[in-house]
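Novice: I'd like to ask you about the structure that follows.
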Amino acid sequence: MESDSLVLLSRIQFALTVSFHYIYPPLSIGLGVLLVFMEGMWLKTGDAIYHQLSRFWTKVFALTFAFGVATGIVMEFEFGTNWAAYSRFVGDVFGSPLAAEGIFAFFLESGFLAVLLFGWDKVSRKLHFFSTLMVCLGAHFSAVWIVVANSWMQTPAGYHLVGEGINKRAEITDFWAMVFNPSSVDRILHVLCGAWQAGAFLVAGVSAWYLLKKQHQRFARTGLKLALIIALFSSLFQLHSGHSSAKLVAEHQPEKFAAMEGHFRSGPAGLVPFGYVDVANERVIGPELPGMISWMLHGDTKAPVMGLDQVPKEDRAPIQMTFQFYHIMVGIGMGLIAMSILGCFYYWRGTIEQKPWLLWGLVLAALGPQIANQAGWFAAEIGRQPWIVWKLMRTSEGVSAVVKAEVVLASLILFTLVYTLLFAVFIFLFREKIVHGPDEADLTPTGKLAQA
């Protein structure tokens, strides 16, 4: 009983810290892309409105970056304190991508960040733009290496096992096979698309808010135009990426795919867009499109798809949670596609400011990528259970044996209080920046950056 409580509390604690941390990196990555386009447009056109946009959103980027760094450090300590057995098992494998993330990504991003934040009046326009580009690339590289490490847990490759019992561990035999494990490329693209959406819809939402309030209107219209273009591209590409990722899961983790779709009996699989999983009676209550999953996977509505009837009950993921989180992600993703198409259509017709319902929709849509990103990670991680490393190590085997459940509970309560306070501080600071708005002085830039 103590062991079950320890595993559950350790999982909840790590889920809390990861979920809170994951609010910020997607925003940093997405805003980095917007900043490159904003400053690039200033270099190309010389229009100071793009300088004003760049200065304003750089401040928001700095806020998300700071909170992302602060909240990410905690997870690394948790690997050692709560998941020591897991850390011993995967240490050789995880060490490489995490070291690469620190050397090639974090140092690149943080090294040029000082120039991005404080070099506006001290360096040339081209050097500052280069710094913005490097910060953006660093943020992307960071995501790449983190997702590589996580993808190896989903589809291990390029390794062999050494040792016995508690000393058993995975060692890399082929570094590039580990990096390009079967799921890494698709999952990297899927994560990056979600991050681009997060940044684009945040900028679009704030811009729409200003238009509704009749404030900073040229600033808002220009920002909205760039944001809607990136939102449309990333949302459509996310649809392709999501479909490719789902096919990959069906191929390499069919047990997880069956839980994601609530598919109990092997054979042709229908698509249930939304519903409730009646686990006891092994059925999904909701509208069904017969054979649609089989067609999406194999191009044939009669093609068989592995069901949960081929999975022992002790090896099944929590079906209800996996199904619901997956469908929340998909549903929001389709909604974001619709919002980006409508936004682009009415913007280029010149009538978007006459559509308050659409502007309010864009304001609310700023939350969409955040919810979808969280739901997607929950579906991926819960759907992998009971394995912490797919078919190699169970989650129950990865916890630290010497840590007591009551210690984890106490730290969980403390983390919850601290993170609630941190989130309140973030919302307060973010609101202050939005209420203050862009500085009018940024429309007449001075210094080396303006003159170069």
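Novice: Dividing the Cα radius of gyration by the Kirkwood radius, what Rg/Rh value follows for segment 86-203?
Specialist: Details: Rg = 17.8 Å, Rh = 16.0 Å.
When Rh is taken as the Kirkwood radius, the ratio is 1.11.
Novice: Where the eigenvalues come from the Cα gyration tensor of the chain, what are the semi-axes √(5λ) of the equivalent ellipsoid, largest first, in whole Å? Kindly include the intermediate steps, with their values, before the conclusion.
Specialist: Numbers: eigenvalues 311, 153, 79 Å².
Over the Cα atoms of the chain, the ellipsoid semi-axes are 39, 28, 20 Å.
Novice: May I pose another question? Positive end of the dipole of the chain, charges at C-beta (+1 Lys, Arg; -1 Asp, Glu), about the Cα centre: which of ALA231, VAL115, HIS51 has its Cα farthest in that direction?
Specialist: Farthest along the dipole direction, towards plus: HIS51.
Novice: What's the extension gain from LEU212 to GLU171 if we count 0.36 nm per residue and subtract their Cα-Cα distance? The partial results should precede the final answer.
Specialist: Values: separation 41, 0.36 × 41 = 14.76 nm, distance 5.67 nm.
Computed gain between LEU212 and GLU171 is 9.1 nm.
Novice: Averaging sequence separations of C-alpha pairs under 8 Å and six or more residues apart, then dividing by the length of the chain, give the relative contact order as a whole percent. Please report the intermediate quantities before stating the final value.
Specialist: On the way: 697 pairs, mean separation 102.4, N = 452.
Result for the chain is 23 percent.
Novice: Also, quick follow-up: Measure out, as a whole number of angstrom, how far apart the alpha-carbon centroids of segment 353-384 and segment 191-210 sit.
Specialist: 10 Å
Novice: Which order do the peptides 287-295, 246-254 come out in when sorted by mean C-beta neighbours inside 10 angstrom, highest first?
Specialist: On the way: 287-295: 16.3, 246-254: 19.0.
Averaged packing, sorted descending, gives the order 246-254, 287-295.
Novice: Roughly how far apart, in whole Å, are the Cα centres of segment 1-40 and segment 57-92?
Specialist: Each part reduced to its Cα centre gives a spacing of 9 Å.
Novice: Okay, next question. Treating the beta-carbon of each Lys and Arg as +1 and of each Asp and Glu as -1, no other charges, what is the dipole magnitude of the chain about its Cα centre, to the nearest 20 debye?
Specialist: Working: 32 positive and 32 negative charges, 281 e Å.
That gives a dipole near 1360 debye.
Novice: Once the Cα atoms of helix 2-21 and of the chain are each reduced to a long axis, what angle between those two axes, in degrees from 0 to 90 to the nearest 10, is obtained?
Specialist: 20 degrees
Novice: Of ILE293, PHE106, LEU358, which is farthest towards the positive pole of the chain's charge dipole, taken about the Cα centre with +1 and -1 on the beta-carbons of Lys, Arg and Asp, Glu respectively?
Specialist: It is LEU358.
Novice: Additional query: In degrees from 0 to 90, rounded to the nearest 10, what is the angle of the helix 356-365 Cα long axis to the longest principal axis of the chain?
Specialist: Taking the Cα atoms of the chain, the angle to 356-365 is about 50 degrees.
Novice: When the helices in the chain are scored as -39500 (n - 2.57) per DSSP H run of 4 or longer and the sum is shared across all residues, what 222 nm value do you end up with, to the nearest 500 deg cm²/dmol? Walk me through the numbers on the way to the answer.
Specialist: Values: 16 runs with 313 residues, N = 452.
After summing the helix terms and dividing by the residues of the chain, the value is -24000 deg cm²/dmol.
Novice: Can you list the trypsin sites (Lys or Arg not before Pro) in segment 131-215 that are in a DSSP coil and have 15 or fewer other beta carbons within 10 angstrom?
Specialist: On the way: sites: LYS168, ARG169, ARG187, LYS213, LYS214; in loops: LYS168, LYS213, LYS214.
Sites meeting the loop and neighbour criteria: LYS168, LYS213, LYS214.
Where a number appears in this text, it was derived from the coordinates with a stated rule and is not lab data. All of these numbers come straight from a predicted model, not from anything done at the bench. Neighbour counts are summed over all protein chains in view; Cβ atoms, including those assigned to glycine, are modelled from backbone coordinates with ideal geometry.
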